[in-house]
Amino acid sequence: MQEKEFGPQIPELLPVIPVKGGIIFPGMAIPFTVKEEKYQILIDEALKGDKIFGAFLQKEGDKKEIEPGDIHKIGTAVYIHRMMRVPDGTMHLFVQGLKRIKGVEFEKKEKGLYAKIEILKDEIPEDKKILEALKQSILSTLKEIIQAAPYFPEEALLFLSSIEDYSIFTDMVASSMNFDPKEKQKILETLNVEERMRKVLSLLSAEKEVVALSAKIREEVDESLEKARREHILREQLKAIQKELGELDETEKEIQELKKKIEEKKMPEEAREVALREVDKLARLHPASPEYSVSRNYIDWLLALPWSEETEDILDIKRAKRVLDEDHYDLEKVKERILEFLAVRIIKKGKVKGPIVCFVGPPGVGKTSLGRSIARALGRKFIRMALGGIRDEAEIRGHRRTYVGALPGRIIQGIRQVGTKNPVFMLDEVDKIGIDFRGDPSSALLEVLDPEQNHTFRDHYIEVAFDLSQVFFIATANTTHTIPPPLLDRMEVIEIPGYVDEEKLYIATKYLIPKQKKENGLDGMDIKFSKKALQKIISQYTREAGVRQLERKIGAIMRKIAIDALKSKDGKTKFRITPKTVEKYLGAPIFYSETKARKGTIGVATGLAWTMAGGEILFIESAKMPGKGALILTGKLGEVMRESCQAALTLIRANSNVWRINHSEIEKSDIHIHVPEGAIPKDGPSAGVAIFASLLSLFTEKPIDPEVAMTGEITLRGKVMPVGGIKEKVLAAKRAGIKKVILPKWNEKDVKELPPYIIKGMEFIFVDNINEVVKILFPDMETEKINTKK
């Protein structure tokens, strides 16, 4: 198909270039940019031939590969006048629309999409009067638009009025206006020129209304600004008149009062200068201005902070020790540190930088409540800040005042709340701080918890140095593993381990029972728990390092007693809690001693593990079955623990002759190692000795005494290496009723630090290598010694 009426000849088959966000109308000459390489290839093909391509509007969506269904069927045949490539690879074209075309059939070729096209002709009515009337209406509407919004040049209006061809005239107007691409596509698809002109006129009328509304809004804004300027001038004149008369308006009175407060407030010179400068700024602002309230709030914060206010420490060591002992049992290391601080304060007779300590221990051991006791012992105010889940750095440092609704960080808010510059400030759950795109709160804490920096702490909102060096900071955590090393380095870590049954018994008798009696309104009743009843609650209804669950169970019993007291006809007030009563009130026991329930079983060893909740007993089970020497590991083991299993198996395979194990039996068996409670993740190297013992028991078919627990890392040479968490592991063994514990030789010093009542009745065997472990677990086994010094 060829066209002889206008322009170059248009071939039947054209390369297809999808166009986004615009239409190239016939007769229009415009610049055109091609960035994508696949379309540049099609342009190159067109330039080799007739220099013509088909431009079709792309439908909604941003697909990499264009299918025929992704573009409109009616487009424009476009002629390329010039082409230029720029260094970044972009192709710049100067093109001209030729004719409306319709894609009859689309074909995907190696170099891109091609369309077999049909040239569409305009439908022009015989009566030209209607077209001329529509043209004049369009020109009139355009003129009104130009008068309201002079972004459309008047020269363009003169040019358009000179175009005699109604089709080209309509296309020129549609191309010049910022119509929606979908509306422009409808205009392109309209072949009847009269109908096309009516559509353009309708769109121009809507545009005229928008332009008129914009002009009206601009006028209103200008009037508002003019009114504001007039009010400002009148207000300044009023101030001058009031000054002459010796009168002050409300705003001026407020400014004078603020200046007086700043002068009377004891604050650093820097803070005073900033506050006075802000008051001067406030005086120049209109009270209705948004900046006025922002500036006023800032001044209020500067005045409210305790720049010099502080509480006097109660420098009485005996009283402090009495207060700490009243609230908490044991915790000698913590109490000793507080008494050291008081002793230094007494000797120096002056200010001492506030300590920065971190209590690390399992839940329920009294870390948070210990902070309140320290504040009471020192006679200081107490403030607690929960850090768990905080992800925004602004929670610590505050927001800059440029933000709407900005506030200081929670450190400064807490200081203002207590009204003194030397409170006991508890940062609870410091190990559970999060990190995301809003910043790293733990990094913001580095300045707060550094004694060399925190005397000039700058909050983003206050922007004035505030002295935090007198604050007694106490952080709490369940573990140090998740605390960033730079932050951990700034704190003095004091470990608070879990309690043994004897300690829990004492705590329950002295603290928990009286507390729960008071909380449940049973102060006037005679309620006594027998020792055996408390032991039953501790061992069979709770399993924890702390005493939180124990307190809940005692509270549950108190509530049952309250019901019984109300039901009794004679007003019973005397209650004796025995093991039988405990079971009546709390139901059947929840826990039992798995160690006592287990008998010596081949392939099962008792290990000791450390968790954030304290120490735990860990049973290592192994089994073998016919196979090809594969190692199967289950129980949600971490990478380090899986490597310990592989090391233990390698140690046995390498020394099978030492322990009289048939080597071919290992090669022909698949070995499965499982650690029960499979839903709980487990990791670490300290189970190495127990894994080795379990495998040796499996292959020698000799059971291990379940009341012998062990911990320690092993090497491929059979050395037993030291591990951490000894106190927690020993406590777990004692709670489980284990009497004999095998520990690495290098951990002997850790056992010596344990209180006598914990190690009483327990036997500790310290080993240096695996030969000693085998001799303890299998005393009657005939073995050779492996050389651990190779």
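State yes or no: is Pro441 under 23 Å from Ala406 (Cα atoms), buried (at least 22 other Cβ atoms within 10 Å of the Cβ) and not hydroxyl-bearing (Ser, Thr, Tyr)?
yes
Has region 392-404 got any residue that is more than 21 Å from Ile299 (Cβ to Cβ), modelled with pLDDT under 85, open to solvent by less than 10 Å² (accessible area, probe 1.4 Å) and not polar (S, T, N, Q)?
Taking every residue of region 392-404 in turn, none turns out to be more than 21 Å from Ile299 (Cβ to Cβ), modelled with pLDDT under 85, open to solvent by less than 10 Å² (accessible area, probe 1.4 Å) and not polar (S, T, N, Q).
Taking the condition at positive phi, outside any strand (DSSP E or B) and open to solvent by less than 60 Å² (accessible area, probe 1.4 Å), does Gly389 pass?
yes
Please specify each residue of region 728-776 satisfying the condition of being among the β-branched types (Val, Ile, Thr) and without any contact (Cβ under 8 Å) to a residue 40 or more places away in the chain.
Applying the first criterion (among the β-branched types (Val, Ile, Thr)) to region 728-776 yields 730, 738, 741-742, 751, 758-759, 765, 767, 770, 773-774, 776.
Once the filter is applied, which keeps residues that are among the β-branched types (Val, Ile, Thr) and without any contact (Cβ under 8 Å) to a residue 40 or more places away in the chain, region 728-776 yields Val751, Ile759, Ile765.
Does Thr33 fit the bill of being β-branched (Val, Ile, Thr) and open to solvent by less than 50 Å² (accessible area, probe 1.4 Å)? Before the answer, list the steps.
Numbers: β-branched (Val, Ile, Thr): yes; open to solvent by less than 50 Å² (accessible area, probe 1.4 Å): no.
Considered against the rule, which asks whether it is β-branched (Val, Ile, Thr) and open to solvent by less than 50 Å² (accessible area, probe 1.4 Å), Thr33 comes out as no.
Looking at Tyr757 and the list (1) outside any loop (DSSP other than H, G, I, E, B); (2) open to solvent by 100 Å² or more (accessible area, probe 1.4 Å); (3) modelled with pLDDT under 85, which single condition is not satisfied?
Among (1) outside any loop (DSSP other than H, G, I, E, B); (2) open to solvent by 100 Å² or more (accessible area, probe 1.4 Å); (3) modelled with pLDDT under 85, Tyr757 violates only (2).
For (1) buried (at least 16 other Cβ atoms within 10 Å of the Cβ); (2) under 30 Å from Glu429 (Cα atoms); (3) among the polar types (S, T, N, Q), each residue gets a yes or a no:
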| site | (1), (2), (3) |
| --- | --- |
| Thr606 | yes, no, yes |
| Glu616 | yes, yes, no |
| Ile620 | yes, no, no |
| Lys624 | yes, no, no |
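So which of Pro703, Pro685, Pro676 is part of a loop (DSSP other than H, G, I, E, B) and modelled with pLDDT of 90 or more?
Pro703
Of everything in region 509-523, what is under 23 Å from His328 (Cβ atoms), of a type outside the set (Val, Ile, Thr) and either touching a Cys at 6+ places or on another chain (Cβ under 8 Å) or open to solvent by 60 Å² or more (accessible area, probe 1.4 Å) (or both)? Give them in sequence order.
Lys510, Pro514, Lys515, Lys518, Glu519, Asp523, listed by residue number.
Any residue at all in region 347-354 that's open to solvent by 20 Å² or more (accessible area, probe 1.4 Å), farther than 24 Å from Lys504 by Cβ and in a helix (DSSP H, G or I)?
yes
Which condition number does Ile527 fail, the rest of (1) assigned to a strand (DSSP E or B); (2) over 30 Å from Pro306 (Cβ atoms); (3) under 37 Å from the mean Cα position of the chain (by Cα) being met?
The number of the failed condition is (3).
Please determine, by comparing only the residues of region 258-280 that are assigned to a helix (DSSP H, G or I) and in contact (Cβ under 8 Å) with a residue 40 or more places away in the chain, which one is surrounded by the fewest Cβ atoms within 10 Å (Cβ to Cβ).
Looking at the filtered set, the residue picked out is Glu270.
Only one residue in Gln516, Gln549 is within 21 Å of Ala733 (Cβ to Cβ), under 40 Å from the mean Cα position of the chain (by Cα) and part of a helix (DSSP H, G or I). Which one?
None of the other options fit; the residue is Gln549.
Can you tell me which of (1) open to solvent by 90 Å² or more (accessible area, probe 1.4 Å); (2) in contact (Cβ under 8 Å) with a residue 12 or more places away in the chain; (3) in contact with a strand residue (DSSP E or B) (Cβ under 7 Å, 6 or more places away or on another chain) is the one Lys111 doesn't meet?
(3)
Which residues, counting only those in region 630-649, are over 13 Å from Glu667 (Cβ atoms) and in a helix (DSSP H, G or I)?
Result: Glu639, Val640, Met641, Arg642, Glu643, Ser644, Cys645, Gln646, Ala647, Ala648.
Rundown of residues vs (1) assigned to a helix (DSSP H, G or I); (2) open to solvent by less than 20 Å² (accessible area, probe 1.4 Å), yes/no style:
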residue	(1), (2)
Gln256	yes, no
Leu282	yes, yes
Glu309	no, no
Arg319	yes, no
Lys335	yes, yes
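Residue-wise test of (1) open to solvent by less than 60 Å² (accessible area, probe 1.4 Å); (2) charged (D, E, K, R); (3) on the phi < 0 side of the Ramachandran plot.
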site: Glu492; (1), (2), (3): no, yes, yes
site: Met525; (1), (2), (3): yes, no, yes
site: Ser530; (1), (2), (3): yes, no, yes
site: Gln535; (1), (2), (3): no, no, yes
site: Gln549; (1), (2), (3): no, no, yes
site: Lys553; (1), (2), (3): yes, yes, yes
site: Lys560; (1), (2), (3): no, yes, yes
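Look through region 709-738, keep the residues that are under 21 Å from Lys775 (Cβ atoms) and small (Gly, Ala, Ser), and return whichever of them is surrounded by the most Cβ atoms within 10 Å (Cβ to Cβ).
Only one residue fits best here, namely Gly712.
Can you name the number of the only condition in (1) closer than 15 Å to Ser140 by Cβ; (2) free of Cβ contacts under 8 Å to residues at least 60 places away in the same chain that Leu204 fails?
(2)
Report the residue count in region 683-701 for those that are open to solvent by less than 10 Å² (accessible area, probe 1.4 Å) and either aromatic (Phe, Trp, Tyr) or free of Cβ contacts under 8 Å to residues at least 12 places away in the same chain (or both).
1
Hey, could you check region 355-386 for residues that are under 20 Å from Arg548 (Cβ atoms) and part of a loop (DSSP other than H, G, I, E, B) and say which is most open to solvent (accessible area, probe 1.4 Å)?
Pro363
Applying the selection to region 148-190, what residues are surrounded by 12 or more Cβ atoms within 10 Å (Cβ to Cβ), out of contact with any helix residue (DSSP H, G or I) (no Cβ under 7 Å at 6 or more places or on another chain) and either farther than 18 Å from Gly22 by Cβ or not charged (D, E, K, R) (or both)?
Those that are surrounded by 12 or more Cβ atoms within 10 Å (Cβ to Cβ), out of contact with any helix residue (DSSP H, G or I) (no Cβ under 7 Å at 6 or more places or on another chain) and either farther than 18 Å from Gly22 by Cβ or not charged (D, E, K, R) (or both): Phe159, Asp165, Ile168, Ser175, Pro181, Gln185, Leu188.
The values are calculated or read from the model by the stated rules, or taken from the named source; none is laboratory data. Predicted model, so just to flag it, every value in this text is computed and none were measured. All Cβ positions, glycine included, derive from the backbone under ideal geometry; neighbour counts span all protein chains shown. Ligands, DNA and RNA are stripped out before the accessible areas are found, and what is left, the full protein with its side chains, is counted by its heavy atoms. Shrake-Rupley method; radii C 1.70, N 1.55, O 1.52, S 1.80 Å.
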